[in-house]
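Peer 1: For reference, the structure I am asking about is given below.
The values are calculated or read from the model by the stated rules, or taken from the named source; none is laboratory data. Given the structure is predicted, the values throughout are model-derived calculations rather than measurements. Note that we place each Cβ from the backbone using ideal geometry, even for glycine, and neighbour counts take in every protein chain shown. Note: areas computed on protein heavy atoms with side chains; ligands, DNA, RNA excluded. Shrake-Rupley method; radii C 1.70, N 1.55, O 1.52, S 1.80 Å.
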Amino acid sequence: MQFYKKKSVLERTFSLFNKFLPAFFWILLIFSFEEPWIGAMTLISASIHECGHLCYLLLFTKGRHRLRAVENGLRIRSFGSLSYREERMTYLSGPLANLFTFLICILIRKEGNEYLLGFSIINLATALSNLMPIEGYDGYGVIRTLIEERERNHAYLRGLDALSTALIFILCILSLYLIDRYSGGYWLFAVFFVSMIKRFDKNISR
């Protein structure tokens, strides 16, 4: 009995560790490739993005919601059914939170305030990048819900998947070009390289 209790404690410990390991990995990656102030602002922008999702879910939907770290960022898992409109608004609420932050920063920024300008640009980049039609991103989710709500055939979803795959490859190549030419784009390459690996894994599983 004592053995099984110890085993249960170890399993829970490893499970908890495994939940936070991806987030820890991405934090280390951000601060390895970026200036400390840019890394900190990137994490704040990501937090604003996820808070946008959570605020909409908590205020306008029912059910339980949980924030979790995955291989290519943070995701929110909802325990409960959402309508297509609710699901679409959930996807849009994150980018809208970043766009709102961007506008506030632009309005209150004083001349020569480099940090506030940088923070506004990072929030804008976070919003726009998440609206791309790449699987796992908000833009993909919005388009997918529109297709499913209108009961289109599977050809539309296959087309969306093909577009997602093409964009991942293009952005990986673009990031390699930036690394070669300007010694930048490491963070961009890491994000889309992980997405590409997940895409390969999904296709092999099929």
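Peer 1: If you roll a 1.4 Å probe over the heavy atoms of the protein chains, what accessible area per residue do you get for the stretch 98-206, in Å²? Please report the intermediate quantities before stating the final value.
Peer 2: Numbers: 6770 Å² over 109 residues.
Heavy-atom SASA per residue in the stretch 98-206 reads 62 Å².
Peer 1: A further question follows. Taking all protein chains together and a probe of 1.4 Å, list Cys105, Cys51 from the most accessible to the least accessible.
Peer 2: On the way: Cys105 10, Cys51 75 Å².
Result, largest first: Cys51, Cys105.
Peer 1: Report, to the nearest whole %, how much of the accessible area of the stretch 77-206 belongs to carbon and sulfur atoms, 1.4 Å probe, protein only. Before the final figure, lay out each step's value.
Peer 2: Numbers: 5060 of 7950 Å².
Of all accessible area on the stretch 77-206, carbon and sulfur atoms account for 64 percent.
Peer 1: OK, next. Using a 7 Å offset from the Cα along the Cα-to-Cβ direction at both Cys51 and Asn153, what is the distance between the two label points in nm, to one decimal?
Peer 2: 4.7 nm
Peer 1: Please list, in chain and number order, the residues 5+ apart from Leu131 or on another chain whose amide H is under 5 Å from its amide H, with Hs placed from the backbone.
Peer 2: Here Gly139 satisfy the definition.
Peer 1: Take Leu116 and Tyr177, extend 7 Å from each Cα along the Cα→Cβ direction, and tell me the distance between the two endpoints in nm.
Peer 2: For Leu116 paired with Tyr177, the spin-label model returns 3.6 nm.
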